[in-house]
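K.L.:
Structure provided below as structure tokens; questions to follow.
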Amino acid sequence: MFATCCLTMLVTGLGCGFGCNSQINYFLSSCVLFSSDGIRRAFRTLFVFYAGKLFSVLTLCVMTSLLGRCVLLDYFAEYVNAVSIIVNLSFITVGIFSIIRAIQAKNHKCSCDRSPDKSRFYTLTPVVVGAVYGITPCAPFLMLIGYAAGLEPVQSIVLGIIFTLANAVSPVLLLVAMMGAVSKKMYLTIPSLVLCVKVIVSTALILIGSIRIYLLAASL
């Protein structure tokens, strides 16, 4: 029974990873572009994102295992809209912060407007977004929680780890690697256009978050 659950979550996690939300991919790519100077640093952003996601997935799996299906049936639907709002507000926050940082650097004629931003903001934000996104209701995640409700806490933890690691195997790995290489080349070869690129990417983040919140509000 448990082995079957693990295999199911492995396959489901892989499918979920390859069908991952394109908005999250854009968010991660933006953070990499703003803060990375190569592939190695780019993957740090991806690592902290999935660390946050793993934490929230395991927490909810254990809670469901201990408390039963009441977590799924009585409380799960309550925070669906709140989760979506927090994720999209994070997009807007990153966009605004990035524009402000870029303009400040330009006004002060600082070299950091032509180099990656080393602010911890770009490390902490992916952790938070990963944690929130990790509990975003979707069919695969509902399946995971459903299994966790009938398992022991340790077994639910193993299941959550398998699902999250499988979920991490997705096109975003290639995308982040590409963005890391592109960001390094951009800062070296076209430093004069860095501010323009940052503003365009940040504006797109703000628009994505704003549109998603508007659509969510309109559907209520």
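Where a number appears in this text, it was derived from the coordinates with a stated rule and is not lab data. Note that the structure is predicted; figures quoted are calculated from it, not measured. With ideal geometry, Cβ positions are generated from the backbone for all residues, glycine too; neighbour counts draw on all protein chains shown.
K.L.:
For Cα Rg over 2.2 N^0.38 Å, the choices are [x] 1.16; [y] 1.11; [z] 1.06; which was calculated from the structure?
P.N.:
Given [x] 1.16; [y] 1.11; [z] 1.06, the calculated one carries the label [y].
K.L.:
Using 7 Å Cα-to-Cβ label points, what is the V128/N107 separation (nm, one decimal)?
P.N.:
Label at V128, label at N107, 2.3 nm between them.
K.L.:
Can you list the residues of region 177-205 with backbone N under 12 Å from a point 7 Å past the Cα of I211, pointing along Cα to Cβ?
P.N.:
In region 177-205, the label zone of I211 (backbone N under 12 Å from the point 7 Å along Cα→Cβ) covers 204-205.
K.L.:
Points 7 angstrom from Cα along the Cβ direction at V182 and E152: gap in nanometres?
P.N.:
The answer from the label model is 4.8 nm.
K.L.:
Continuing with the same structure: State which helices in the chain qualify, where a helix is a whole DSSP H run, it must extend 30 Å or more along its own axis by its Cα atoms, and its mean Kyte-Doolittle hydropathy must be at least -1.0. Write out the running numbers ahead of the final one.
P.N.:
Values: long enough: 39-67 (42 Å, 1.25); 80-107 (41 Å, 1.33); 194-219 (38 Å, 2.04).
For the chain, where a helix must reach 30 Å along its axis and average at least -1.0, the hits are 39-67, 80-107, 194-219.
K.L.:
Specify which residue in the list V127, V57, T12 is farthest towards the positive end of the charge dipole of the chain, using unit charges on the beta carbon of Lys, Arg (+1) and Asp, Glu (-1), about the Cα centre.
P.N.:
It is V127.
K.L.:
Please give the contour-minus-distance gain from M143 to A204: 0.36 nm per residue of separation, less the Cα-Cα distance, rounded to one decimal in nm.
P.N.:
Numbers: separation 61, 0.36 × 61 = 21.96 nm, distance 3.30 nm.
Difference between extended and current length: 18.7 nm.
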